[in-house]
Amino acid sequence: MTGKDILKITLNLVVVYVVGGLILAIVHANTSPIRFANKVAAEKAALNSMMPEAEDTPLLGVWKIHDKEAKYYAATKDGKTIGYIVQSFGKGYSSYINTLIAVGRDFKVIKVKILDQKETPGLGDVIEEVDFTNRLIGKDAEHLKALKTDTTEYVQAVTGATISSRAVTDDAVRNGVDFIRNKMKEGGPGNVRRK
Amino acid sequence: MSAENELSNWELIKNGVLKENTIFKLALSLCPAIAVTTKLKDGFFMGLAVVFVQVMVNLTVSAMRKFIHPRIRLPIFMLIISGWVTVVNLLMDALVPDVYKNVGLYIQLIVAFASILARAEMFASKNKIVPSMFDGIGMGLGFLVALIFVSMFREALGNGTIFAGTSFAMSIGAKPLLIMVLPAGGFFAVGLLMALFNWLYTRYGTKSHAG
């Protein structure tokens, strides 16, 4: 290897790194506002879809589950609290399942939405579908239990996705409902503080 | 100059889709062909991303072929590939966020696709820009077509749906074949379609001289 080779190799790498870095910087700079806007819009749309009748969803605070930070919100209408929206995580088969739970003042589930999960595609990921999440509606913390048998009193797990069903029902949603119920009992219901 | 250079642009595309189809003929990059093909939509966008990366990598490598020192050509190719993959990754995240949610993980894996590095080394580094571009389109399309067939097959049998539409299997009272959406089903699907492709290819494909 001559000195000329070394010079050329160095030059090769420098050019590729500099040009590549420039292209990436330009693409990143141009797409990151879009990605940020998407994220904000997605969060807002998700909160809105949880409780369409709510006029405002002020953030109440942050709680911790599985060492992850999850947010919880009040849902208000005409200045009165009509329910709560809680973010929660459940430990699934291959991922932490990020869920959003809407509960009424009676702390029964109104709606559950899976925000993010990486369960087995085509198998565990069916828990994302309304067919499953609808099974949780109307349940209180005591009845949030995924069973393999036919049940309407509790929650029937999806065949082939028992672990994922349990992660959503017994872990994410039940803990979320429990949390918000205890929290609101401490602070008194309807006590909305903006943070 | 290699003999491949004498092929017309159209023949280059045909070569990528049929004669040297990444999945069915060369049996390269089978990992994504099994990982992201449980749903047609995922397979389709994965294939599109590969077409983009393959074309851009071929163009870049071809444009730089006289400038790159032969001793470090492979690291340079890898840098070029990972650069373009990152571009696709960022673009898809911003433009099609709901698809990205499913295939994002595998988009990053395009960096390690044998087929992309192989085309950069075997074709683009030896040929002019225009043939390299068509070679990229051909190879990318071959991959896309293969992914479409595999994922259509698996979604239809495993979920009973096409493009996540209504379940036609349910309407005739059949139960979906669960195994088709599992990794084992991926091997079955790829194997069966590979056999079918090669049977059709040897029967009809070789009669026309371009194949």
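Proximity of backbone amide H atoms, modeled 1.01 Å from N, is registered between B:T22 and B:F143 at under 5 Å, excluding neighbours fewer than 5 places apart on the same chain. Ignoring aspartates and glutamates fewer than eight residues from A:K145 along the same chain, the ones with Cα atoms less than 19 angstrom from its Cα are A:D106, A:D125, A:E128, A:E129, A:D131, A:E153, A:D170, A:D171, A:D178. The charge dipole of the stretch B:48-168, taken about the Cα centre with unit charges on the Cβ atoms of Lys, Arg (+1) and Asp, Glu (-1), comes to about 580 debye, rounded to the nearest 20.
Whole-Hz Karplus values for the stretch A:126-136 come out as 5, 4, 6, 7, 4, 3, 7, 5, 5, 5, 8 Hz, taken residue by residue from phi with 6.51 cos²θ - 1.76 cosθ + 1.60 and θ = phi - 60°; glycine and proline positions read x.
Based on DSSP, what percent of beta bridges with both residues in the protein assembly as shown are antiparallel, to the nearest 5?
Numbers: 28 of 30 bridges.
Counting DSSP beta bridges with both partners in the protein assembly as shown, the antiparallel share is about 95 percent.
Ranking A:G20, A:V62, A:P52 by Cα position along the charge dipole of the protein assembly as shown, where only Lys, Arg, Asp and Glu carry charges on their C-beta atoms, puts A:G20 farthest toward the positive end. Shown are A:S32, A:S94, whose ranking by accessible area with a 1.4 Å probe and every protein chain present, most to least, is A:S94, A:S32. The rule of thumb for compact globular proteins, 2.2 N^0.38 Å, goes into the C-alpha radius of gyration of chain B 1.07 times. Within the protein assembly as shown, the percentage of alpha carbon pairs spaced more than 35 angstrom apart rounds to 43%. Seen against the Cα atoms of chain A and their longest principal axis, helix A:174-187 is set at about 70 degrees.
Scanning residues 5 or more positions from A:S94 or on other chains, those with amide H under 5 Å from its amide H are A:T120, with H placed 1.01 Å from N in the peptide plane.
Each residue was assigned an accessible area with a 1.4 Å probe, and for A:D106 the value is about 100 Å².
In a simple Cβ point-charge model (Lys, Arg +1; Asp, Glu -1; nothing else charged), the protein assembly as shown has a dipole of about 640 debye relative to its Cα centre.
Quick one: grab the alpha carbon gyration tensor of chain A, order the square roots of its eigenvalues as a ≥ b ≥ c, and give me rounded if a/c is under 1.5, else prolate or oblate depending on whether a/b is larger than b/c.
Values: a/c = 3.14, a/b = 1.85, b/c = 1.70.
Since a/c reaches 1.5 and a/b is larger than b/c, the shape of chain A is classed as prolate.
Expressed as a rounded percentage, what relative contact order does the stretch B:63-203 have, with Cα pairs under 8 Å and six or more residues apart?
Working: 82 pairs, mean separation 22.6, N = 141.
Contact order relative to length: 16 percent.
A:E53 contributes about 100 Å² of solvent-accessible surface, heavy atoms of the protein only, 1.4 Å probe. Close Lys pairs in chain B (alpha-carbon distance under 18 Å; sequence gap of 8 or more, or different chains): 9.
Using the Kirkwood radius over Cα pairs, work out the Stokes-Einstein diffusion coefficient for the stretch B:39-101 at 4 °C and 1.567 mPa s, in µm²/s as a whole number. Intermediate values should be presented prior to the final figure.
Values: Rh = 12.8 Å.
The Stokes-Einstein estimate is 101 µm²/s.
Return the calculated 222 nm mean residue ellipticity for the protein assembly as shown, to the nearest 500 deg cm²/dmol, obtained by summing -39500 (n - 2.57) across DSSP H runs with n ≥ 4 and dividing by the residue count. Numbers along the way, then the final one.
Details: 13 runs with 201 residues, N = 406.
Rounded to the nearest 500, it is -16500 deg cm²/dmol.
Of the residues B:A49, B:A195, B:N9, the one whose Cα sits farthest toward the positive end of the charge dipole of the protein assembly as shown, with +1 on the Cβ of Lys and Arg and -1 on the Cβ of Asp and Glu, is B:N9. Under the convention that each Lys and Arg Cβ holds +1 and each Asp and Glu Cβ holds -1, the size of the dipole of chain A around its Cα centre is about 600 debye.
The values are calculated or read from the model by the stated rules, or taken from the named source; none is laboratory data. Source: prediction; values computed, not measured. A quick note on method: Cβ atoms are made from the backbone with ideal geometry, for glycine too, and the neighbour counts reach across all protein chains shown. Keep in mind that these areas ignore ligands, DNA and RNA; they rest on the heavy atoms of the full protein, side chains included. Shrake-Rupley method; radii C 1.70, N 1.55, O 1.52, S 1.80 Å.
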